[in-house]
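Contents: one structure, followed by commentary.
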Amino acid sequence: MVSHTGELVQEEGKITVRICGRENGLEIYENVKFVRVVSRRYNLLIMADYLPVIGELDGFVFFRDGEREYRRENLKGYFMHKKNQFSLMLESESELTEEETEAAAETGEMEE
């Protein structure tokens with residue numbers, strides 16, 4: 001956003017991300033600017049004041065606050081975004097890296 005003086009003004013994010021999983025328990029990230037959800041069936045970019053959405057996740061989530069970027073891969077679970085609250089409940093988190101997942105898919109070691 002540009003101010004009336006022409007200076008670049010950076011807005012703080014308005015989204016709160018809550019991730020609940022077995023390994024790390026409840027993780028909360030404040031002031032998130034956007035959330036990208038990439039799953040087998042869809043690719044979503046959720047921004048502040050986005051319409052409510054609910055879905056199943058089999059893929060990865062990427063989000064950014066004012067300071068850092070976060071990427072969580074090989075996730076299975078369910079998500080909901082409503083009133084600038086993005087909640088993700090994980091069914092499982094795979095320890096495989098993206099390269100290992102692709103290699104396993106090519107050799108047929110992973111089930112579809």
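The values are calculated or read from the model by the stated rules, or taken from the named source; none is laboratory data. Owing to the predicted nature of the structure, the values given are computational and were not obtained by experimental measurement. Ideal geometry is used to build each Cβ from the backbone, glycine not excepted, and the neighbour counts take in all protein chains shown. Ligands, DNA and RNA are stripped out before the accessible areas are found, and what is left, the full protein with its side chains, is counted by its heavy atoms. Shrake-Rupley method; radii C 1.70, N 1.55, O 1.52, S 1.80 Å.
Filtered by the rule that a residue be open to solvent by 40 Å² or more (accessible area, probe 1.4 Å), assigned to a strand (DSSP E or B), farther than 12 Å from Lys33 by Cβ and without any contact (Cβ under 8 Å) to a residue 24 or more places away in the chain, region 43-59 gives Asn43, Glu56, Asp58.
Every residue, every condition in (1) under 24 Å from Phe34 (Cβ atoms); (2) modelled with pLDDT of 50 or more, yes or no:
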{"position": "Phe79", "(1), (2)": "yes, yes"}
{"position": "Glu100", "(1), (2)": "no, no"}
{"position": "Ala104", "(1), (2)": "no, no"}
{"position": "Thr107", "(1), (2)": "no, yes"}
{"position": "Glu111", "(1), (2)": "no, no"}
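Taken together, the residues in region 1-38 that are at pLDDT 85 or above and not in a strand (DSSP E or B) amount to 6.
Where residues in region 81-98 are modelled with pLDDT under 95 and open to solvent by 90 Å² or more (accessible area, probe 1.4 Å), which of them is nearest to Glu30 (Cα to Cα)? Talk me through it step by step, then tell me what you get.
At the first step, the residues of region 81-98 found to be modelled with pLDDT under 95 are 91-98.
If we keep only those that are open to solvent by 90 Å² or more (accessible area, probe 1.4 Å) as well, we get 91, 95.
Details: Glu91: 23, Glu95: 26 Å.
Taking the candidates together, the pick is Glu91.
If only one of Arg40, Arg36, Arg64, Arg68 is within 14 Å of Val17 (Cα to Cα), among the basic types (Lys, Arg) and without any contact (Cβ under 8 Å) to a residue 24 or more places away in the chain, which one is it? Full working, then the answer.
Working: Arg40 fails: within 14 Å of Val17 (Cα to Cα); Arg36 fails: without any contact (Cβ under 8 Å) to a residue 24 or more places away in the chain; Arg64 fails: without any contact (Cβ under 8 Å) to a residue 24 or more places away in the chain.
Criteria check complete, one pass: Arg68.
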